[in-house]
Every structure is written in structure tokens, then in C-alpha cells.
Amino acid sequence: MSALTTIHLCAVAFWFGVVGAEFIIERSRADSKPHGYAVARNHYWIDLMLEMPAYVLVAVSGLLLLCQTE
């Protein structure tokens with residue numbers, strides 16, 4: 001397995017982990033209104049700092065893998 005494949009698979013696993021954590025956090029959103037606002041605020045930062053870079057890495061490494069196979 002090439003290094004690029006390993007990077008891609010690790011990035012996919014990390015991205016799925018972030019999405020799973022967001023799902024768990026979102027389930028607690030209805031506890032109270034202030035808690036819901038805090039969850040939304042945290043969700044924004046999780047998306048910005050973790051999910052978007054992971055998504056970009058998955059997309060770029062996936063495209064590079066696709067170009068290698070042609």
C-alpha cells in the first residue's frame with residue numbers, strides 16, 4: 001500500500017470520526033436553549049478547524065489516487 005493510500009484512508013477515518021462526534025454532540029442540543037446555542041457555536045468551530053481540512057485532504061488525496069490509476 002502506498003503512502004498516499006495510507007494518508008487517504010487515515011483522512012477518511014478521521015473525517016468519519018469528526019462526523020460521528022458531531023452527531024453525538026447534536027443529539028444533546030435539545031437539553032436547553034443556552035446549551036443548544038453552545039452546541040451550534042461549537043459545531044461551527046469543529047466544522048471550520050477539523051471537518052473542512054479533513055474533507056479537503058480526503059478530496060485532494062482521492063483525486064491524486066484517481067490520477068495515479070489512469
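The values are calculated or read from the model by the stated rules, or taken from the named source; none is laboratory data. Source: prediction; values computed, not measured. All Cβ positions, even for glycine, are placed from backbone atoms using ideal geometry, and neighbour counts span all protein chains on display. Each accessible area value is taken on the protein alone, full model and side chains, heavy atoms only, with ligands, DNA and RNA left out. Shrake-Rupley method; radii C 1.70, N 1.55, O 1.52, S 1.80 Å.
Observations on the structure shown:
- Farthest toward positive dipole pole in the chain [+1 Lys/Arg, -1 Asp/Glu at C-beta], among 4, 16, 64: 16
- Whole-percent carbon and sulfur share, accessible surface of the chain, 1.4 Å: 73 percent
- Counting only alpha carbon atoms, the long axis of helix 3-27 and the longest principal axis of the chain meet at about 10°.
- Å² per residue, accessible surface of the chain at 1.4 Å: 74 Å²
- With helices as the sole contributors, the chain gives -28000 deg cm²/dmol at 222 nm; each DSSP H run of n ≥ 4 counts as -39500 (n - 2.57), and the sum is divided by every residue.
- Only the Cβ atoms of Lys and Arg (+1) and of Asp and Glu (-1) were treated as charged; on that basis the dipole of the range 1-69 about its Cα centre amounts to roughly 120 debye.
- Most tightly packed first, judged by the mean number of other beta-carbon atoms within 10 Å of their residues, the peptides 33-44, 6-17 read 6-17, 33-44.
- The 3J(HN,Hα) values that the Karplus relation (6.51, -1.76, 1.60; θ = phi - 60°) gives for the range 60-69 are, in residue order, 5, 5, x, 5, 5, 5, 5, 5, 5, 7 Hz. Gly and Pro appear as x.
- Counting only alpha carbon atoms, the long axis of helix 33-46 and the longest principal axis of the chain meet at about 20°.
- Our coupling estimate for the range 47-53, obtained by passing each phi through the Karplus curve with A = 6.51, B = -1.76, C = 1.60 and θ = phi - 60°, is 4, 5, 8, 10, 6, 5, x Hz, Gly and Pro reported as x.
- Over the chain: Kirkwood hydrodynamic radius from C-alpha pairwise inverse distances, Å: 13.5 Å
- For the range 43-70, backbone nitrogen atoms closer than 20 Å to the point 7 Å from residue 16 Cα along Cα-to-C-beta are found at 47, 50-66.
- Note on residue 30 and residue 67: the model spin-label points, each 7 Å out from Cα along the C-beta direction, lie 4.6 nm apart.
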